[in-house]
């Protein structure tokens, strides 16, 4: 069983900062047995990441509800998420660490919400106005803010196919054919029972399955640090660094579509 001390040591050896924004995608199965199980892992990560003012972000997506227009796309009274156990736990989990309470602050994005832990004022400011986003991972939203704010993505037991931030990076770069041309209807059911309509441009197709093709380029430019969280192979990825590598690739390839097939990205586009 992995203890808090084990995982804190692993995070320190990997160089995970404690004063920045850390967005974590996690496979609990890959992590293995942790004291306190899923909630224990949340407590461990919250304590480490927020120690010097950092924010821990956990995606709590509900985009699968787009398939059923008979229900709200985001129900603020439900802990439902469509991306795994840890996000579902994070919706409701309050941590008590060294006598201090850390509540989950969940953004109001209709399909790509996230929970943020840390200083209450900073967390609320980070997720503010997410319900006004015009796309799934808007440049001005929680994902799009990461590069300018020096944030990181922590991939715990998953690869870049789960790196939702890369959708936002593509939006920032203006890569075409990534979002629906039409607005898709979404609704947010608030805690008081009011229902808010918020149409957005959603992601088009399953392009994320090809995002792992970027990894060699990210590594070539030093955007990734490797380590472990429990038994899970883990990548600490610089949001700003990945964005600039993708910009370089787009410039050198003259805007060619490099995804949608299994051929690797030509190293000439990034070396």
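See the values below:
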{"read-out": "Residues located in the range 253-265, provided they are free of Cβ contacts under 8 Å to residues at least 40 places away in the same chain and surrounded by 14 or more Cβ atoms within 10 Å (Cβ to Cβ)", "value": "253"}
{"read-out": "Failed criterion for residue 22 (all others in (1) assigned to a helix (DSSP H, G or I); (2) within 19 Å of residue 91 (Cα to Cα) hold)", "value": "(1)"}
{"read-out": "Residue list for the range 77-106, filter: under 19 Å from the mean Cα position of the chain (by Cα), touching a residue at least 40 places away in the same chain (Cβ under 8 Å) and over 23 Å from residue 29 (Cα atoms)", "value": "106"}
{"read-out": "Residue tally, condition crowded, with 20+ Cβ neighbours inside 10 Å and either part of a loop (DSSP other than H, G, I, E, B) or under 13 Å from the mean Cα position of the chain (by Cα) (or both), over the range 135-157", "value": "16"}
{"read-out": "Unique match (being closer than 30 Å to residue 71 by Cβ and either surrounded by fewer than 18 Cβ atoms within 10 Å (Cβ to Cβ) or touching a strand residue (DSSP E or B) at 6+ places or on another chain (Cβ under 9 Å) (or both)) among 225, 209, 247", "value": "209"}
{"read-out": "Hits in the range 158-182 (condition: in contact (Cβ under 8 Å) with a residue 40 or more places away in the chain, assigned to a loop (DSSP other than H, G, I, E, B) and touching a strand residue (DSSP E or B) at 6+ places or on another chain (Cβ under 7 Å))", "value": "158, 163, 164"}
{"read-out": "Single residue of the range 40-69 satisfying the filter (touching a helix residue (DSSP H, G or I) at 6+ places or on another chain (Cβ under 8 Å) and more than 20 Å from residue 11 (Cα to Cα)) that is surrounded by the fewest Cβ atoms within 10 Å (Cβ to Cβ)", "value": "61"}
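Read-outs throughout are calculated quantities, based only on the coordinates presented, and are distinct from any laboratory measurement. Just so we're clear, the structure is a prediction, and the values are computed from it rather than from any experiment. Because the Cβ atoms are built from the backbone with ideal geometry, glycine has one as well, and the counts that use them run over all protein chains shown.
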